[in-house]
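The structure appears right after this line, and notes come after that.
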Amino acid sequence: MESHRELAHVVLSTCLSVQKGENVWIESWENTVDLASEIAFACLEIGASPLVTLRTENSWMRSLTEIPRSLLENLSSASRAALEQVGAFVFMLGPQNPIDWSKIPEEKRDLGNVWYTDSNRYAHEWRRIAQRHCVRMLGIEYCLATKERAQTLGLDHEEWRGTMLRGCLADQGEISRRARRVAEIIGEGRKVQVETPFGTDLGFRLGQREPVSSDSIVTKEEAAEGVVKYLPSGCVEVAPEEDSASGTVFYDVSILAQGGRRIEGLSLRFEQGKLVAYSAEHGAEIFENYLKPSQGDVDKFAFFGVGLNPGLKHGFTQDDKVLGGVTIGIGGNEDKGGKNRTPGNRHWWASITQATVKIDETVVLKQGTLLL
């Protein structure tokens, strides 16, 4: 596919800055072999050397159910040797079918991590080696847009896939520039006001915490820190002062929930950072299921974000990254440097559109249009 060829060049040239003579490890699932092949060919065009490996869904699932944890947590000498010799690692997100977590023993579910985050001994050792050798790492989330997953989520497969691809092919350099500018304003800001024509009117304070930026360009410095980035990308999020939020949030976008169910017209009201009332035109019970059991800070104001990717659109699986969208979340925010604590950092979020966002005296968004 011509689009895959274009995507391969975005991955190698824009995101990873692969150079002639570098070794590039490309990890694929069965259903992503065509894309892996395009990336491998693009490596050869640059003068880089590709190594393509295959992870099969059947053996992966069977290993999680049948192989002892002590064996699964071992990073093989072959994988270790390969990681020590590559400058970049590209991995496709998968598998093709939604993961049936009920079939995986609870004590081994963290080993089903396909995001290369530091969640178990295998991932920890992987990250340690990648940091030491400054391996630039990029995951392609576009690969999750399969027919099987679309059916489970109740999405039109071709539309979802096209949206994800456009998000990957958007100008990643411009997204990165926007992310730096928005993060700078948020990092220095004190007071935020968010309003929409649909009824959102929310004020809160920023606590001088470091914003979390999402872009897809991996620098050498980030590689040395073990940072993993993804395509598509494009948002800046921060954990504000949790007890400072007062007002109403109305989510005007249909919210996609597990199993393809949706919440329509959800409204949340906060007082001193606490959720004190909520209602929904449809699907309120889905939101209630998140709140129950009420453990820790599941009902507290947690984070705020701005979307920056012009190729994406609301209604699929990347609402937090849509250009001009604003994300408001509740629950755990430990991963963003916040104070809220919930079991497993449990949290809930959704996005709103046409928002006007004012940070101190700077209007960052006006009716959904980014002004930076």
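Every number here is computed from the coordinates shown, using simple stated rules; none is lab data. Small disclaimer: the values here were computed from a predicted structure and weren't measured. Glycine gets a Cβ as well: all are built from the backbone with ideal geometry, and neighbour counts include every protein chain shown.
Overview of values
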quantity	calculated
Kirkwood Rh and Cα Rg combined as Rg over Rh, evaluated for the stretch 2-144	0.97
Modelled FRET efficiency - R0 41 Å, Thr248 with Arg109, Cβ distances, 0.05 increments	0.65
Amide H contacts of Trp29 (H built 1.01 Å from N, under 5 Å, at least 5 apart or other chain)	Arg55, Met92
Ranking of Arg161, Arg341 by count of other Cβ atoms within 10 Å, fewest first	Arg341, Arg161
Per-residue HN-Hα couplings for the stretch 294-311 [Karplus 6.51, -1.76, 1.60; θ = phi - 60°; Hz; x = Gly/Pro]	7, 10, x, 9, 4, 10, 9, 3, 10, 7, 9, x, 10, x, 9, 9, x, x
The stretch 106-226 - convex hull of alpha carbons, volume per residue in Å³	202 Å³
Within the stretch 2-144: Cβ-based charge dipole about Cα centre, in debye rounded to nearest 20 (Lys, Arg +1; Asp, Glu -1)	500 debye
Lys20 paired with Lys147, simple spin-label distance in nm, labels 7 Å along Cα-to-beta-carbon	4.3 nm
Cα centroid of the stretch 225-262 to Cα centroid of the stretch 90-111, whole Å	23 Å
Of every Cα-Cα pair in the stretch 42-123, the percent that sits beyond 18 Å	51 percent
Among Lys336, Lys300, Lys20, residue whose mean-square fluctuation peaks in a GNM of the chain (springs only between Cα atoms under 10 Å)	Lys20
Amide hydrogen neighbours beyond the local backbone of Tyr230, cut-off 5 Å, H modeled	Gly139
Helix 121-132 vs. the chain, principal-axis angle (Cα, 0 to 90°, nearest 10)	80 degrees
Top positive-direction residue, dipole computed over the chain with Cβ charges, set Ser70, Trp101, Val253	Ser70
³J(HN,Hα), Karplus 6.51/-1.76/1.60, whole Hz, each residue of the stretch 195-203, x for Gly, Pro	9, 9, x, 9, x, 5, 8, 10, x
The chain: calculated mean residue ellipticity at 222 nm from DSSP helix runs of at least 4, using -39500 (n - 2.57)	-8500 deg cm²/dmol
Whole-Hz ³J(HN,Hα) from phi, Karplus 6.51 cos²θ - 1.76 cosθ + 1.60, for the stretch 42-57, glycine and proline x	5, 4, 4, 4, 6, x, 8, 10, x, 10, 9, 10, 10, 9, 9, 5
Point-to-point label distance, Val33-Val52, nm (Cα→Cβ direction, 7 Å offset)	0.8 nm
Kirkwood Rh in Å, taken over all unlike Cα pairs in the chain	21.6 Å
Potential lengthening between Asn289 and Val276 on full extension [0.36 nm per residue; Cα-Cα distance subtracted]	3.0 nm
Order of Phe301, Phe204 - criterion: other Cβ atoms within 10 Å of each residue's Cβ, fewest first	Phe204, Phe301
Proximal lysines to Lys229, defined as alpha-carbon separation beneath 27 angstrom and excluding residues fewer than eight positions away on the same chain	Lys20, Lys108, Lys147, Lys220, Lys313, Lys321, Lys336, Lys339
Sorted by Cβ density within 10 Å, fewest first, the residues Ser77, Ser119	Ser77, Ser119
Dipole of the stretch 2-144 [Lys/Arg +1, Asp/Glu -1 at C-beta], most positive-end residue of Trp29, Leu54, Asn120	Asn120
Charge dipole (debye, nearest 20) of the chain; +1 at Cβ of Lys and Arg, -1 at Cβ of Asp and Glu	480 debye
